Amino acid sequence: MEGKVIVITSGKGGVGKTTATASIGAALALEGNRVAVVDMDIGLRNLDVVMGLENRIVFNVVDAAKGKCQVKQAAIKDRRIDNLYLIPASQSDNKNALNPESMVKLSEKLRAEFDFILMDCPAGIEQGFENAVAGADEAVVVCTPEVSAVRDADRIIGLLYARSITPKLIINRIVPRMVDSGDMLSHEDVVDVLSIDLIGLVEMDEQVVASTNTGLPLVKDGSSKAGQAFRRIAQRLNGQPDLPLEIPTGQTRFWNKIGQKLGLRK
Amino acid sequence: MNTENEARLPVRLKGVGDSLWVTISPHLPVDVLQDELDKVFSRMNHLTINARIVIDPGESGDHQNLIETLGNFLKEKFGVGHVIPPPRKRSETEERKRRRDIDRSWENWKSDALVLAGRVRSGQKVSARKHLIVMGDVNPGAQVIAGGDVIVMGSLCGTALAGRSGDEGSIILSLDFRPTQIQIAGLVAAGVPTSSGKVAEYAHIENGAIVVEDYLRANPFSRLPWPEVR
């Protein structure tokens, strides 16, 4: 069976594309899929750091796309998770080192080798974005509950539709307490504007910062709310689209249940 | 020819379509009118034979008998065909109804509106030569432009430009009116105060400024007596 190329994009920078790519990739691999995560942020690579693989890089995605090496040579095997591979970005080139045609060819090669290929798209809508979406079959848009992120995600969604790709939405960094107090957009507000399929709600989680710095996979940590949310997102991408969404709430389940009984919460 | 002088003549004659239109001054005595008609008709020789004559008293009022008397006189003396009063003038109400029938032009009107369904997203720009109707939302960062009206059947959160052709009568209407900026015929209004609830509002130009009002309450087109093509 041929693999699927999924581009993870957002438009705005700093909303958690790289974390999402690393976490969803790890979660998909933990479910037994052969997964490649590709860092498309040429010149500003950091997916390797997030995954703790920075000192093993020999070849990169530009080499693979230009045929300087085999796909297998560029793919770095993860230390902790089997079946998870990283194809790092080049740090010395810029975004013009690649073009959409070469990415379409590279995507074909990757499909033959892996079940899932996750492309970590750079911020912006320029050449880097064009390259990342060129060979993609599907797209996941990461958005935070901020007006600026929603605006950029909206633009990206328009561009993806223009390329006949129907994107799915992840809302990242939700702070339930702030949503409850009305200081943060709720996920309903975001979906109202973007109106695409929602595949996951990820709560703000301090462990993300810790795992990003140490290079440890977030999804292996059972206590991390964000990690568990990414695992559920991976399940939805991996043939369980109907898995119910868990909405982050500020209160514990105990208080929720009491609230439900009293009719205070839905 | 002196038109003032002509207006004072007791009998005037002109050809209208297939008939001769005779305008008379109805207040003169019948024999004076007959004399005048005699003068005019004698000059026409055989042209009067079997002619269709319209006798127009030139004013409303009952002149049926006068027309009949003069008609019989003309028939006997000059052998004219028919003598009829002028076609009845329509009353004001009738005339208005008739105009509306003519004005039911929407039946033959080729629509000048661009109707779109869907969501206009950030960075997208939709322009229409005349009116633009979006069945869906206009997101923040999106731009909708129309030569005439902009109508959004959903939320308007982006920028809307109406009346690009300079038509100050253009409006911007939305079911949920929260635009970033609006322009009508070159007038700009930014930071339009928005109502909290979802009410249909519309922007229009009033005394050289853009005014936003509750559409249903203002009901701006309800005062038009008859549906008009816009």
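For the reader, a short list of remarks on this structure follows.
- Test: residue in the stretch A:225-240 that is buried (at least 20 other Cβ atoms within 10 Å of the Cβ) and within 14 Å of chain B (Cβ to nearest Cβ): no
- Residue under evaluation A:I174, criteria (1) open to solvent by 30 Å² or more (accessible area, probe 1.4 Å); (2) more than 14 Å from every other protein chain (Cβ to nearest Cβ), criterion not met: (1)
- Residue in the stretch B:143-154 that is modelled with pLDDT under 80, assigned to a loop (DSSP other than H, G, I, E, B) and not small (G, A, S) present: no
- The residue that is modelled with the lowest pLDDT, among those in the stretch B:1-22 that are part of a helix (DSSP H, G or I) and under 15 Å from B:G58 (Cα atoms), is B:E6.
- Test: residue in the stretch B:134-144 that is of a type in the set (D, E, K, R), under 26 Å from A:S10 (Cα atoms), within 14 Å of chain A (Cβ to nearest Cβ) and buried (at least 23 other Cβ atoms within 10 Å of the Cβ): yes
- Pick from the stretch A:47-70, criterion more than 28 Å from A:V219 (Cβ to Cβ) and of a type in the set (K, R), ranking: most open to solvent (accessible area, probe 1.4 Å): A:K68
Yes or no, residue by residue, for (1) out of contact with any strand residue (DSSP E or B) (no Cβ under 7 Å at 6 or more places or on another chain); (2) away from every other protein chain (no Cβ under 14 Å):
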position	(1), (2)
A:G182	yes, no
A:V190	no, no
A:L194	no, no
A:M204	no, yes
A:Q207	yes, yes
A:T214	yes, yes
A:L218	yes, yes
A:D221	yes, yes
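- Entry remark, the stretch B:105-133: residues being part of a strand (DSSP E or B) and away from chain A (no Cβ under 11 Å) number 11 in total.
- Condition check for B:V150: hydrophobic (A, V, I, L, M, F, W, C), within 27 Å of the chain's Cα centre (by Cα), open to solvent by 60 Å² or more (accessible area, probe 1.4 Å) and farther than 21 Å from B:P10 by Cα: no
- The listed residues are A:D137, A:D154, and the only one of them that is under 20 Å from A:T9 (Cβ atoms), among the charged types (D, E, K, R) and surrounded by 24 or more Cβ atoms within 10 Å (Cβ to Cβ) turns out to be A:D154.
- Residues of the stretch A:117-134 classified as touching a residue at least 60 places away in the same chain (Cβ under 8 Å) and open to solvent by 10 Å² or more (accessible area, probe 1.4 Å), total: 3
- Residue in the stretch A:245-254 that is modelled with pLDDT under 90, away from chain B (no Cβ under 14 Å), within 28 Å of B:G118 (Cα to Cα) and open to solvent by 20 Å² or more (accessible area, probe 1.4 Å) present: yes
- Pairs, first farther than 13 Å from A:N94 by Cα and free of Cβ contacts under 8 Å to residues at least 40 places away in the same chain in the stretch A:27-44, second surrounded by 24 or more Cβ atoms within 10 Å (Cβ to Cβ) and of a type outside the set (S, T, N, Q), C-beta under 6 Å, six or more apart: none
- Cβ pairs under 6 Å, 6+ apart, first in the stretch A:203-224 and closer than 19 Å to A:V175 by Cα, second of a type outside the set (A, V, I, L, M) and not in a loop (DSSP other than H, G, I, E, B): A:E203/A:K225; A:M204/A:R173; A:D205/A:K225; A:V208/A:T19; A:L218/A:S23; A:L218/A:S211; A:L218/A:G227; A:S224/A:Q207
- Qualifying position, being touching a helix residue (DSSP H, G or I) at 6+ places or on another chain (Cβ under 8 Å), assigned to a loop (DSSP other than H, G, I, E, B) and of a type outside the set (A, V, I, L, M), among B:P26, B:P87: B:P26
- Residues of the stretch A:87-116 classified as out of contact with any Phe, Trp or Tyr (no Cβ under 8 Å at 6 or more places or on another chain), touching a residue at least 60 places away in the same chain (Cβ under 8 Å) and of a type outside the set (G, A, S), total: 5
The values are calculated or read from the model by the stated rules, or taken from the named source; none is laboratory data. Predicted model only: the values in this text are computed from it and were never measured. Here Cβ is always computed from backbone atoms with ideal geometry, including for glycine, and neighbour counts include all displayed protein chains. Heavy atoms of the whole protein, side chains included, go into the accessibility calculation; ligands, DNA and RNA do not. Shrake-Rupley method; radii C 1.70, N 1.55, O 1.52, S 1.80 Å.
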